[in-house]
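Everything below concerns the one structure shown next.
The values are calculated or read from the model by the stated rules, or taken from the named source; none is laboratory data. It should be emphasised that the depicted structure is a prediction, and the values quoted were computed from it without experimental measurement. So basically every Cβ, Gly included, is an ideal-geometry build from the backbone, and we count neighbours across all protein chains shown. When the accessible area is computed, the model is the full protein with side chains, heavy atoms only, and any ligands, DNA or RNA have been set aside. Shrake-Rupley method; radii C 1.70, N 1.55, O 1.52, S 1.80 Å.
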Amino acid sequence: MQPAGGGDVLVVADDPRDAASLVRLATVADCVGRRCGFAELQADWRSARAVVVDELSARRCVAARLPRRDRVLIVTTTSTVSASTWRDALALGADQVLVLSDEAKVAEWLAGLAEPAAAGRLLCCVSAGGGAGASTLSAALALTAAGDHDTLLLDGDVQGGGIDYLLGIEGVDGARWPQLRDASGLLPATVLADALPKAGRLRVLAARGSATSMVPRPALTAVVEAGLRGHDVVVADIDRGGHTAQVWASYAEVTILVVPCEVRATVNATGLVREVAGRCADVRLVVRPGPGDLRPKDVEAAVGVPVAVLWPWERRLAAVTETGGFHRGWRRSGVAGVARSLLENLAR
């Protein structure tokens, strides 16, 4: 049996007009807002789906020693929030303090109540040199994960030709980055998932060659947060030292750095590790041995990050990829084993 108030957003405001505005905004945000008195709020404090209170009611909650809880919003009618209100917000565990007249932000907070918690894992792939294979590895990781999980592949080369060509779904209808570059704030997970091209349990947000400008940070943030709420695994092919790396690496559980056994790539990898490590605590190397004298253990020693797996160069894979056959032949290539090994290690 559901506790009283368990499905409602409880609204407590001293001014009836403010309370009415909040109930209306809850309805717009597809929530059930219910105005109640302070006594009822105390009784249902723990069980309510969410609580919206004005500054006066927040002060009463703190005076009544109500415990901290999640999903609490404090609204104020003045643009300047007092120090005492900030202290009350901290005491109650409030998510935000918003000005009631900023209805868009209040409605966004209310709409977020319907969103699932972010439960997905973000894996970022980045190349230490041109052509190292981060895009190919990203595609293999996403395809492998999609065998058992709802998976999202994010194309970080937002001005490139599109990772959907690598997967053979360039003709599938759905949104690409140009349609999502204006996203900001709360992007519902279901809206993102339903908008994207799909192949089995894999959804893909790819670039389009006609794009001429960078995707703004608010859009990168909105997309990755919606992706993590709506998918078990998110794989991002990020640009080294660029825009997507700066934003998405902060959300990553693991960043995988693909490094050829070359001096210049190793030097690049050293700088990338310094940059990424400030955002993601777990950085791992996928090293590609080559014909030169540099060995994987030399790369590991120079970069200061352990090698997770070796990925030998594959002439056949390069040829298949160039001719658009990666999505048909990737399982028979070495990159499939590399992807399985990485995902198994992460699962452990």
Taking a probe of 1.4 Å and leaving out DNA, RNA and ligands, segment 70-197 shows per residue an accessible area in Å² of 41 Å²
Which of rounded, prolate, oblate describes segment 212-290, given a ≥ b ≥ c as roots of the alpha-carbon gyration tensor eigenvalues and a/c under 1.5 marking rounded, otherwise prolate only if a/b is larger than b/c?
-> prolate
Restricting to the chain, compute how many DSSP beta bridges are antiparallel as a %, nearest 5.
-> 5 percent
Size-normalised alpha-carbon gyration radius of segment 1-81, reference 2.2 N^0.38 Å | 1.03
For the chain, give the percent of accessible area contributed by carbon and sulfur heavy atoms, probe 1.4 Å, rounded to a whole number.
-> 51 percent
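I need the fraction of alpha carbon pairs in segment 36-167 separated by more than 21 Å, rounded to a whole percent.
That tail contains 58 percent of the Cα-Cα pairs.
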The chain, helix-only ellipticity at 222 nm - DSSP H runs n ≥ 4, -39,500 (n - 2.57), divided by all residues, nearest 500 = -11500 deg cm²/dmol
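Relative contact order (percent) for the chain, with alpha-carbon contacts under 8 angstrom and 6 or more residues of separation?
On the way: 671 pairs, mean separation 53.5, N = 348.
Relative CO of the chain lands at 15 percent.
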At R0 = 35 Å, FRET efficiency that the Cβ-Cβ distance of D182 and T80 yields, to 0.05 = 0.70
Leaving out ligands and nucleic acids, note down the accessible area per residue over segment 274-327 with a 1.4 angstrom probe, in whole Å².
-> 60 Å²
Equivalent ellipsoid, segment 139-215 (semi-axes from 5 times Cα gyration tensor eigenvalues, Å) = 19, 16, 10
Tail weight of P(r) past 34 Å, computed on alpha-carbon pairs of the chain, percent | 39 percent
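What area, in nm² and to one decimal, does the C-alpha convex hull of segment 205-348 cast on average over all directions?
Computed as one quarter of the Cα hull surface, the answer is 10.0 nm².
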Enumerate the amide H contacts of C125 below 5 Å, restricted to partners 5 or more residues apart or on another chain; note that Pro and chain-start residues carry no placed amide H.
-> A236, D237, I238, I256
So for segment 280-348, using the alpha carbon gyration tensor with a ≥ b ≥ c as root eigenvalues (a/c under 1.5 gives rounded; past that, a/b versus b/c decides prolate or oblate), I'd call it oblate
